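Enquirer: Right, I'll just put the structure down here and ask away after.
The values are calculated or read from the model by the stated rules, or taken from the named source; none is laboratory data. If you're wondering where the values come from, they're calculated on a predicted model, not measured in any experiment. Reconstructed Cβ throughout: ideal geometry from the backbone, glycine too, with neighbour counts over all protein chains shown.
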Amino acid sequence: MPLPDPLTGLAARAPYRGRFAPSPTGPLHFGSLVAALGSCLDARAQRGAWLLRIEDLDRGRAAPDAARRILQTLESLGFEWDGDALYQSGRIDLYRDALARLQGDGRVFPCACSRSEVEARSRRRSVDGGALYPGTCRDGLPVGAVARSWRMRAPDREFSFIDRVLGEIRQNPAREVGDFVLFRADGEFAYQLAVVVDDAAQGVNAVVRGADLVDSTVRQIHLQECLGLPTPTYAHLPVAVDRAGQKLSKQTRAEPVDASRGAALLVEALRFLGQSVPEDLARAPLSEFWSQAVAGWSIRSVPKKRAIPLTPFIEGA
Ligand code: GLU
């Protein structure tokens, strides 16, 4: 049971529940290791729970066996998660229910546009780098058009939240994002909807993840508000980029981490997160690494940056 807050005496906040939510598009690489380590240490340093969720909705991008290999790599590095890993592919009914609620409230609309039509008609770029949806089907499908996807109406007002690493983040979804897809033309539910449903269903109240997702957060906060779900706290960690500034990702075939390096590998991820690390920790047994890393964890030391280039030494670790 949580204790009352010593400063205010008020009933305590709910116990910390964090998570790591990899997409199984390939083996664990250094960038995802950083997110796994940061989210786990932040949870354990607050004696919280740390859950695992496999975000395997995008069947087109899933790599065979990747989920099992990711879990195995985490396990062999001494990560311990609470309960069983949750697989999004087994939870489609929940996403369908959430979409039905949004449909009932008029928050979403059917859209007939293909990606190339959006691209051709759009005059602005979204924060995601793609074409900002020009609103073609917002007020009804064109006559004879067939719905391919469902989009959420992007509200035209400024949202802000305090990121625990990056500070205040502001965004106007209508201007910077555009109406965004929740149910895709290929019949899959989109990440933005699934992540909100599952963070709430798993009782997650503290999200720690890569800063490549910071621009998605306002969409998620808006969805939480529309679905009557609580908003967790957010902390976005710097993302590892290569020398050309590209995010290391499973799709760009970033090297899988070599888990047999044990604490030496984890220490590189810890240093990337700005933590001070005792000289000999890289040679310590894993149990020693974890107890020292949890005791020393300071989210305030994490660099307040969205991206950090890896030194050649770490790259491909
Ligand atoms: N599945 C996402 C990824 O691997 C992370 C989602 C999240 O942490 O919200 O990039």
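Enquirer: Considering 244, 254, 240, 200, which residue is more than 11 Å from the ligand (Cβ to nearest atom), touching a helix residue (DSSP H, G or I) at 6+ places or on another chain (Cβ under 9 Å), at pLDDT below 95 and not in a strand (DSSP E or B)? Before you say what the answer is, go through the steps one by one.
Expert: Numbers: 244 fails: touching a helix residue (DSSP H, G or I) at 6+ places or on another chain (Cβ under 9 Å); 240 fails: not in a strand (DSSP E or B); 200 fails: at pLDDT below 95.
Answer to the check: 254.
Enquirer: If the requirement is being part of a helix (DSSP H, G or I) and either modelled with pLDDT under 95 or basic (Lys, Arg) (or both), which of these qualifies: 61, 44, 19? Quick ask: steps written out before the conclusion?
Expert: On the way: 61 fails: part of a helix (DSSP H, G or I); 19 fails: part of a helix (DSSP H, G or I).
So the residue among 61, 44, 19 that is part of a helix (DSSP H, G or I) and either modelled with pLDDT under 95 or basic (Lys, Arg) (or both) is 44.
Enquirer: Turning to a different aspect of this structure: For segment 14-34, indicate whether the set of residues that are surrounded by fewer than 20 Cβ atoms within 10 Å (Cβ to Cβ) and either free of Cβ contacts under 8 Å to residues at least 60 places away in the same chain or on the phi > 0 side of the Ramachandran plot (or both) is non-empty.
Expert: Checked against the condition, which is being surrounded by fewer than 20 Cβ atoms within 10 Å (Cβ to Cβ) and either free of Cβ contacts under 8 Å to residues at least 60 places away in the same chain or on the phi > 0 side of the Ramachandran plot (or both), segment 14-34 yields at least one hit.
Enquirer: Report the residue count in segment 209-218 for those that are within 11 Å of the ligand (Cβ to nearest atom) and either among the acidic types (Asp, Glu) or within 17 Å of residue 178 (Cβ to Cβ) (or both).
Expert: So the answer is 3.
Enquirer: A follow-up question, please. Can you tell me which residues in segment 50-87 are in contact with a strand residue (DSSP E or B) (Cβ under 7 Å, 6 or more places away or on another chain) and within 16 Å of the ligand (Cβ to nearest atom)?
Expert: Here is the first cut: in segment 50-87, the residues in contact with a strand residue (DSSP E or B) (Cβ under 7 Å, 6 or more places away or on another chain) are 50-54, 56-57, 67, 81-83, 85-87.
Correct list: 50, 51, 52, 53, 54, 56, 57, 67, 81, 85, 86, 87.
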